[in-house]
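Have a look at the structure below, then the notes.
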Amino acid sequence: MHFVGRSWLLLTGFILFYVIYLLFGALVFSSIERPMEDRMRTELEVLKQEFLNLSCVSDAALERFLLKVLAANKYGVSVLRNASTTSNWDLASSMFFANTLVTTVGYGHTTPLSDTGKSFSILYALIGVPFTMLVLTACVQRIMFPLVLAPVGLLQRSGLEPRPATIVHFLLLLILVVMCFFVAPAAVFSTVELSWSFLDGIYFCFISLCTIGLGDFVPGTQPNQQYRSLYQVAVMVYLFVGLMVMFLLLRTFHKMADLHGLTTFLQLPRCEESDLEEDREPMVEVGHKDLTEKEATKPLEPGSQPSYNTMNTG
């Protein structure tokens with residue numbers, strides 16, 4: 001029990017350090033990129049006024065204006081009056097950018113303007129991406145028992161055989177994930193983002209949670225959007241929890257494939273059993289005989305069927 005408490009304390013420390021790391025990245029990105037953005041915004045406004053003051057617009061002036069507008073728009077700076085009131089590098093927006101960077105979602109709607117920002121992005125992602133994977137893995141290990149092992153054990157005790165029990169559990173988990181992380185968020189996004197349809201919301205959720213991040217739909221980018229900072233933080237939490245659940249779903253499928261012999265048939269590596277042993281029950285109940293520690297660590301026979309019962313009660 002003491003070890004379980006320490007593991008939870010370590011996980012909490014990981015999550016807190018992850019949040020601190022995002023805040024650190026947000027502060028650095030904001031301090032580096034916001035002055036560049038402000039300078040570009042000022043230059044664009046001066047250029048716009050010069051263009052408006054011209055009594056006769058020449059081809060060269062028009063081409064220069066359009067090139068500057070397109071270059072600024074690439075970095076999220078718009079010439080439109082109602083789209084230039086908020087910065088893309090305030091604290092919340094910078095933290096949102098840092099989150100998309102370390103989770104490898106990378107929408108591309110906001111990119112560093114300066115060489116210093118680009119260099120820091122490389123260093124920040126070099127540390128942040130593997131650390132994010134570490135935190136996600138640690139979180140998934142902690143929720144494997146309540147969301148995977150315990151429900152399958154309950155289905156087996158209700159009378160289902162091991163293989164049907166894992167299939168039923170995976171289908172139920174899949175339905176729960178689709179409803180909670182695709183359908184419900186899509187309904188919210190289509191309500192908050194006025195230009196998004198429900199299908200656009202589903203599309204955004206899928207693209208984001210698969211870490212594809214095309215960037216054609218990015219939440220929190222509408223002009224004069226209310227509670228924009230709070231909204232961006234909520235999207236960050238959704239992305240993190242959603243990626244964690246997707247990882248859980250993939251790992252559950254891998255375990256089910258082990259039990260059904262699919263990984264052996266396709267000559268793929270088995271899912272490593274790395275969950276904590278304390279307070280765990282076997283995924284598949286194979287009888288009433290208690291395994292000794294020596295038997296539990298005994299290697300599988302070459303022809304044995306891979307299963308979930310490598311997790312034993314501590």
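Throughout, read-outs are computed from the coordinates displayed, never taken from laboratory work. In this text the structure is predicted, and so the values were computed from the model without any measurement. Neighbour counts run over all protein chains shown; Cβ positions are idealised from the backbone, glycine included.
Some values worked out for this structure:
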{"read-out": "Segment Trp8-Lys48, length gained on full extension (0.36 nm per residue, minus Cα span)", "value": "8.8 nm"}
{"read-out": "Convex hull of region 13-59 built on C-alpha atoms - directionally averaged projected area, nm²", "value": "4.7"}
{"read-out": "Phi-based couplings in Hz for region 189-201 (Karplus 6.51, -1.76, 1.60; Gly and Pro marked x)", "value": "4, 5, 7, 6, 8, 4, 8, 9, 8, 5, 5, 4, x"}
{"read-out": "At 0.890 mPa s and 25 °C, Stokes D of region 94-178 from Kirkwood alpha-carbon radius, µm² per second", "value": "154"}
{"read-out": "Qualifying chymotrypsin sites (Phe, Trp or Tyr not before Pro) in region 165-243, DSSP loop, other Cβ atoms within 10 Å at most 11", "value": "Tyr227"}
